[in-house]
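Report on the following structure.
The values are calculated or read from the model by the stated rules, or taken from the named source; none is laboratory data. Values in this document were obtained by computation on a predicted structure and should not be read as measured data. Quick reminder, even Gly has a Cβ in these numbers, built from the backbone with ideal geometry, and neighbours come from all protein chains shown.
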Amino acid sequence: MELDRASFEAVVADALDEIPDEIARLVHNVVVLVEDDPPAGEPDLLGVYDGVSLTERSCDHTGLPDRITIFRRPLLAMCRDEADLVREVRITVVHEIAHHFGIDDDRLHSLGYG
């Protein structure tokens, strides 16, 4: 599937807007970025959380903002149409935000966010 960068970023923004307010207000010091490609050697990576999860932070944590990066090309490559893309981006965004809360991959997979 094809989608320009600005349109893809809008899909990511919509997915972020769908996060319930009671969860969104607990997400602090996190920036969400879109990159075209994942790191070399990980061509199928859809997103990544880079930071210190809330469960690992000390009470005086003052680190740099955590980052969630969503990778455009792998998501576009796996989707048939825009509806499919919207669903996969939403799953990826929720998956990475869950890492911010300290939820691991095994638990996310069992919840359907793998």
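Just the residues that are loosely packed, with under 14 Cβ neighbours inside 10 Å, touching a residue at least 24 places away in the same chain (Cβ under 8 Å) and in a helix (DSSP H, G or I), please, taken from the range 5-36.
Within the range 5-36, Arg5, Asp14, Ile23 qualify.
What tally of residues in the range 29-64 results from selecting those that are closer than 22 Å to Leu108 by Cβ, touching a Gly at 6+ places or on another chain (Cβ under 9 Å) and not aliphatic (A, V, I, L, M)?
The total comes to 7.
For the range 35-81, how many residues are within 12 Å of Glu96 (Cβ to Cβ) and of a type in the set (A, V, I, L, M, F, W, C)?
Result for the range 35-81: 6.
Which ones in the range 60-88 are touching a strand residue (DSSP E or B) at 6+ places or on another chain (Cβ under 7 Å) and either in a helix (DSSP H, G or I) or crowded, with 16+ Cβ neighbours inside 10 Å (or both)?
Within the range 60-88, Asp66, Ile68, Thr69, Ile70, Phe71, Arg72 meet the criteria.
Scanning for something at pLDDT 95 or above, part of a loop (DSSP other than H, G, I, E, B), surrounded by 14 or more Cβ atoms within 10 Å (Cβ to Cβ) and over 12 Å from the mean Cα position of the chain (by Cα), does the range 38-54 turn up at least one residue?
Scanning the range 38-54, I find at least one residue that is at pLDDT 95 or above, part of a loop (DSSP other than H, G, I, E, B), surrounded by 14 or more Cβ atoms within 10 Å (Cβ to Cβ) and over 12 Å from the mean Cα position of the chain (by Cα), so the answer is yes.
How many residues does the range 55-77 hold that are within 16 Å of the chain's Cα centre (by Cα) and farther than 15 Å from Val12 by Cα?
Going through the range 55-77 one residue at a time, the tally reaches 2.
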